[in-house]
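Read-outs throughout are calculated quantities, based only on the coordinates presented, and are distinct from any laboratory measurement. Since this is a predicted model, take the numbers as computed values, not measurements. Cβ sites come from the backbone with ideal geometry, for glycine too, and all protein chains shown count toward neighbours.
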């Protein structure tokens, strides 16, 4: 019978919600879900940190063990650029994670 209520809301006014009330209920839930990083974002952040560590290792070893030449210098600059981009992404993820976690703490404080 629930489907009938949804298809014919005017027929059973006590059993149906207006779209405005439904929107008021659903909107905060959706906003909360959008404010938190998803599982795939956590996985990507982890993988980015692994890559950051490997790039740092590669930079250190190319500087330490390779003969200086223009090609190695260019490779080092490319690695530094990649490292900078990944670290920037990681910082944004950390900020977003802290904002979401801070909102949870505030809500818990409000509840008592």
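A few comments on the model shown:
- Residues residue 75 and residue 95, FRET efficiency given R0 of 35 Å [Cβ-Cβ distance, rounded to 0.05]: 0.70
- Across segment 38-112, the volume of the C-alpha convex hull divided among the residues equals 81 Å³ per residue.
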